[in-house]
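Everything below concerns the one structure shown next.
The values are calculated or read from the model by the stated rules, or taken from the named source; none is laboratory data. All figures in this text were calculated on a predicted structure; none of them were measured in a lab. All Cβ positions, even for glycine, are placed from backbone atoms using ideal geometry, and neighbour counts span all protein chains on display. Ligands, DNA and RNA are excluded from the accessible area calculation, which covers all protein heavy atoms including side chains. Shrake-Rupley method; radii C 1.70, N 1.55, O 1.52, S 1.80 Å.
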Amino acid sequence: MKRTWSIAKRVLKELFRDKRTLALMFLAPILILILMKVVFTSNSTTDVNIATVNVQSSLVKQIKKVDHIKVYKYSTQEKANKALKDQKVDGIVHYKNGNFYVKNANTDASKTAATKAALSASMVATNIKELKSTLTAMAAANPQAAAMMQSKSQKTPKIHNTYVYGDKDTSFFDKILPILMGFFVFFFVFLISGMALLKERTTGTLDRLLATPVRRSEIVFGYMISYGLLAIVQTLIIVLFTIYVLKVEVLGSLWNVVIVNVVLAMVALAFGILMSTFAKSEFQMMQFIPIIVIPQVFFSGIIPLDTMAHWVQNIAYILPLKYSGQATTDIVMSGSNLGQIMGPIGALLIFLVVLTILNVLGLKRYRKV
Amino acid sequence: MGNAIISMKNVVKKFGKETVLNHIDFDIPQGKIIGLIGPSGAGKSTIIKIILGMEKTQQGTATVFGKIMPNRQLLNRIGYMAQTDALYESLTAKENLQFYADMKGVSGQKANRQILHVAEVVELTNDLNKRVSGYSGGMKRRLSLAIAMLGDSEIFILDEPTVGIDPALRRQIWSELHKMRDEGKTLLVTTHVMDEAELVDDVALILGGKLIAYDTPANLKAEYNEDTVENVFLKVEDENEKNVVYR
């Protein structure tokens, strides 16, 4: 036990003297968070320009009323086509023989969708208006109906929104933030711990360490304690920054977020140590990033899992980041307590136990007892 | 020999298909300095790794203190200095020593006393609080040796202990090694420096995974009719090469 502490102390000492690595762990996530906040919340709506050819003016007026839509009238199809080609407009609405023909530039899927939505909404609105005016005309001819209409006419109901999580400004950033937190912890702990053990191996300190009566498990646990502490600090910095500076709401307990991330950090550490035994140099360690780290991002919940094919979804079950993403999302957005996220935490603990056993056994490569 | 403290019996070690150690047999009695000599790739480091229990033998046994290695508990009684310096560069010399003292299970006042003593032996007392990254090559080597001397070891296994250390200090270190021997410690030292081979009690000459000779330097010189161990070494190497060619 004393040796475990001593190893943990030494690893921490080494880390705290490496100012650049420390800055990477603590400041890099914050920098990326700021960037993402700016990128995802600055301008979520784009202006869409629509060309119309031969479209009745009442409908054009209606389309113009839609937010962020601008309408340009063109006299002929050719002129409109040229405008489309010159990227002056994003789509053309052409009325011919009682039908609408819509031509989309489709360089931006969201603009295409906006064009379609604007057109159909405007058509419904125009139809209702026409219906109304017909009704009014009929009512004018029939006093009894006019009286009925008077009593029925009410102002249109207003929609009042309330939000379980966040407010009307809640964006994609808020959704991926809990997952990102886990990603930062995983990424940095995986990389730095893997490198640290690799360095012990290549400089010969691991051999020398194993030439003392230290237990193999004491080495692994020593690393776990030090990186666990580091993960606590890192998570606290990220969480406090997002809550107080980026003003992201956390419904559940902040401490539960920390607990999940510490468990994840342990898994990342065990993963890093295990992978470092397959690397001969720091550069080879870097090569694990596209293989081990990046694929996890896709399955961590940043892209909704339920939109994927079933067999693809199943891949997520063997990736630790999926479970941490699920658990932190539940805490941050639904306010789940520790009991409700036992499932994902349990899964992470299974990863941890298996990887730790593999690591203790794996050190046998360097000393047979 | 009854009082052998390190003993190898018919040890065979293969890495893949390559035989690194070929039926090595020797007994090292307590209280001697044994020089392990041989060209690089001869199997010196593998012998050390087997004695430390880092590698297992395919055949035969290595026993230390009468017990078969690998044995974790016995490592407490063995001081080891690797060929590489194997130091934590961002820590100070004192922190390095403290760490390895912890690993060896030496603590408190005793650890402090030992740290000061070994630092004095390798003349690093004034640089104890400097970070190792600022050390010269020779200072690192000395610190590495100091670490090996920590604890209550009875056996010391030193892999090239004096590489990069200037002659004056080398002489001093050797006198310290002799002092340790006189206190009843056993030392197994590998070296490339042939004049150091004159300073050991027994020379074990390893060539191509085989133990070619094991005797005192004086006996070896007499047997091969040479005036230095270096010449003995060259002669043996030469003969061995001829054997390979003509067989």
Inset, instruction - Note down all Cβ pairs under 9 Å where the first residue falls in the stretch A:52-71 and is without any contact (Cβ under 8 Å) to a residue 12 or more places away in the chain, the second is open to solvent by 50 Å² or more (accessible area, probe 1.4 Å), and they're at least six residues apart or on different chains. - result: A:S57/A:K73; A:K64/A:K70
Legend entry - Matching residues, the stretch A:84-104, being in contact with an Asp or Glu (Cβ under 9 Å, 6 or more places away or on another chain) and of a type outside the set (A, V, I, L, M, F, W, C): A:D90, A:N104
Inset, instruction - Among what's in the stretch B:79-128 and is farther than 20 Å from A:L12 by Cα, open to solvent by less than 10 Å² (accessible area, probe 1.4 Å) and among the small types (G, A, S), pick the residue that is nearest to the other protein chains (Cβ to nearest Cβ). - result: B:A82
Legend entry - Every residue from the stretch B:28-56 that is more than 8 Å from chain A (Cβ to nearest Cβ) and open to solvent by 40 Å² or more (accessible area, probe 1.4 Å): B:Q30, B:K32, B:S40, B:G41, B:S45, B:K49
Inset, instruction - Write out, first by first residue and then by second, each pair whose Cβ atoms fall under 6 Å of each other, whose residues are 6+ apart or on separate chains, and whose first residue, in the stretch A:344-369, is within 14 Å of chain B (Cβ to nearest Cβ) and at positive phi while the second is part of a helix (DSSP H, G or I) and surrounded by fewer than 17 Cβ atoms within 10 Å (Cβ to Cβ). - result: none
Legend entry - Residue ranges of helices (runs of 4 or more DSSP H) in the stretch A:300-369 with at least 2 members in the same structural domain as A:A211 (by TED's automatic domain parsing) and of a type in the set (G, A, S): A:320-329, A:342-362
Legend entry - Residues (farther than 21 Å from B:G43 by Cα, open to solvent by less than 80 Å² (accessible area, probe 1.4 Å) and part of a loop (DSSP other than H, G, I, E, B)) located in the stretch B:202-247: B:E226, B:T228
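From the set of residues in the stretch B:57-75 that are away from every other protein chain (no Cβ under 14 Å) and within 30 Å of B:A218 (Cβ to Cβ), which is nearest to the chain's Cα centre (by Cα)? Reasoning before the result, please.
Taking the stretch B:57-75 first, the residues away from every other protein chain (no Cβ under 14 Å) are B:59-60, B:63, B:66.
Then drop every residue that is not within 30 Å of B:A218 (Cβ to Cβ), which leaves B:60, B:63, B:66.
Numbers: B:G60: 21, B:T63: 16, B:G66: 19 Å.
Result: B:T63.
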Inset, instruction - Could you list, in sequence order, all residues of the stretch A:57-89 that are in a loop (DSSP other than H, G, I, E, B) and surrounded by fewer than 15 Cβ atoms within 10 Å (Cβ to Cβ)? - result: A:D67, A:H68, A:S75, A:T76, A:D86, A:Q87, A:K88
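To keep it simple, each residue is scored yes or no on (1) farther than 20 Å from A:E200 by Cβ; (2) more than 14 Å from chain B (Cβ to nearest Cβ); (3) in a helix (DSSP H, G or I); (4) open to solvent by 60 Å² or more (accessible area, probe 1.4 Å).
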site: A:R20; (1), (2), (3), (4): no, no, yes, yes
site: A:A23; (1), (2), (3), (4): yes, yes, yes, no
site: A:L35; (1), (2), (3), (4): yes, yes, yes, yes
site: A:F40; (1), (2), (3), (4): yes, yes, yes, yes
site: A:T52; (1), (2), (3), (4): yes, yes, no, no
Legend entry - Selection count where residues are in contact (Cβ under 8 Å) with a residue 24 or more places away in the chain, aliphatic (A, V, I, L, M) and open to solvent by 20 Å² or more (accessible area, probe 1.4 Å), scope the stretch A:320-343: 2
Inset, instruction - Please enumerate the residues belonging to the stretch B:32-64 that are on the phi > 0 side of the Ramachandran plot and out of contact with any Leu (no Cβ under 6 Å at 6 or more places or on another chain). - result: B:G41, B:G53, B:G60
Inset, instruction - Could you list, in sequence order, all residues of the stretch A:226-256 that are touching a Ser or Thr at 6+ places or on another chain (Cβ under 6 Å) and closer than 18 Å to A:G335 by Cβ? - result: A:V248, A:G252
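Go over the candidates B:S144, B:S175 one by one and state the one that is in a helix (DSSP H, G or I), hydroxyl-bearing (S, T, Y) and surrounded by 13 or more Cβ atoms within 10 Å (Cβ to Cβ).
When all the criteria are applied, what remains is B:S144.
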Inset, instruction - Could you tell me which numbered condition B:G31 fails, if it satisfies all but one of (1) out of contact with any Lys or Arg (no Cβ under 8 Å at 6 or more places or on another chain); (2) closer than 22 Å to B:D202 by Cβ? - result: (1)
Legend entry - Cross-chain or 6+ apart pairs with Cβ under 8 Å, the stretch A:93-117 first and more than 14 Å from A:L59 (Cα to Cα), then at pLDDT below 85 and assigned to a loop (DSSP other than H, G, I, E, B): A:D108/A:T46; A:S110/A:T46; A:K111/A:T46; A:A114/A:T46; A:A114/A:H68
Inset, instruction - Under 8 Å between Cβ atoms, at least 6 apart or on separate chains: pull out the pairs that start in the stretch A:300-316 with a residue that is without any contact (Cβ under 8 Å) to a residue 24 or more places away in the chain and end on any residue that is polar (S, T, N, Q) and assigned to a helix (DSSP H, G or I). - result: A:L305/A:Q313; A:D306/A:Q313
Legend entry - the stretch A:142-172, residues that are part of a helix (DSSP H, G or I) and either at pLDDT 80 or above or over 30 Å from A:I291 (Cβ atoms) (or both): A:P143, A:Q144, A:A145, A:A146, A:A147, A:M148, A:M149, A:Q150, A:S151, A:K152
